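This report concerns only the one structure given below.
Computed from the coordinates by the stated procedures, all read-outs in this text should not be read as laboratory data. Since this is a predicted model, take the numbers as computed values, not measurements. With ideal geometry, Cβ positions are generated from the backbone for all residues, glycine too; neighbour counts draw on all protein chains shown.
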Amino acid sequence: MPTTSDHLATLRRLERETPEAAPRAFRRITHGSFTILYQRARATADRLLTDAEALREQLLVRYSGNTAPKTWSPKCQIYLYDRMRELNVGRHGYHIAGSGSSRASRLSPGLTLSRTISLAADDPELSSTLAHELTHVIFAELLGRHPPSWANEGLARLAESPQNIQRSRRLVRRAVASGDHFRLAELIAFYRPPDQATQLFYSQSADLVRFLLQRRDYPTFIGFIADLQSSEVDAALNKHYGVVDLAELERAWLAQFAVR
Ligand SMILES: [Zn+2]
């Protein structure tokens, strides 16, 4: 019978034989947990390699509580495009600053097959975008699957710059004041951000995650999201936060806006 290490060796061999093809125009630099594939922005790529390593460690410690994170294998590939307009275009024709994902093996739980982030050198908020995308990679890795959209985007927004977080908070406060916010049952049910109110979705998700993080720590939040795969939301809320149900959470979340 094949052992686990045989199995891992086979998966890694398959992965080597079917690498994600890098566009020819990319050159690469590599160190530690990252490979940066860049076009012409060499200086930005060098800085990114150092920044990504430090940020990876900081975020892994924050989210997992594990103070000695291992170097990633396979390394995380960061595609650094010269321009945002070459990177990707959203459904409404606007340019999206970054994207990041981690692919877990279905055959071997706990094994990550690939980690990929795309960024643009002309992104005026490159370090904030890097923190957002690294959060997606780490979160999927800690869960072994893709997190629910609200939790994924909410946690990633909270890793961004303080200015972005404050802007989100103002947007949510205005939406709550006018009654235009999402009901929580609606927010947590979106498979992906809604077309009509993407910014409100990101902002309100971030605010809900922030609210939960004020009650308990990051690993509790990750454990709560992990349980949502097999438990009803009310049971998971009760177990991790001592909240009876989603309706009680919603009342408490809304109450914070009333006192201001
Ligand atoms: Zn995101």
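Observations on the structure shown:
- Once divided by 2.2 N^0.38 Å, the Cα radius of gyration of the chain becomes 1.07.
- Shown is the FRET efficiency for A177 and R47, computed with R0 = 41 Å from the Cβ-Cβ distance and rounded to the nearest 0.05: 0.50.
- Rounded if a/c under 1.5, otherwise prolate or oblate - segment 145-238, Cα gyration tensor axes: prolate
- Using C-alpha pairs below 8 Å separated by at least 6 residues, the relative contact order for the chain is 13 percent.
- The modelled label-to-label distance between F211 and R169, using points 7 Å beyond Cα along the C-beta direction, is 1.5 nm.
- Other-chain or far-sequence residues with amide H under 5 Å of A121's (modelled H): Y81, D82, R83
- At most 14 other Cβ within 10 Å, DSSP loop - chymotrypsin sites (Phe, Trp or Tyr not before Pro), segment 37-139: Y94
- With neighbours defined as other Cβ atoms within 10 Å of a residue's Cβ, the residues D195, D217 order from fewest to most as D195, D217.
- Taking GluC sites (Glu not before Pro) as exposed when DSSP calls them loop and at most 13 other C-beta atoms lie within 10 angstrom, the chain has its longest site-free stretch at 21-231.
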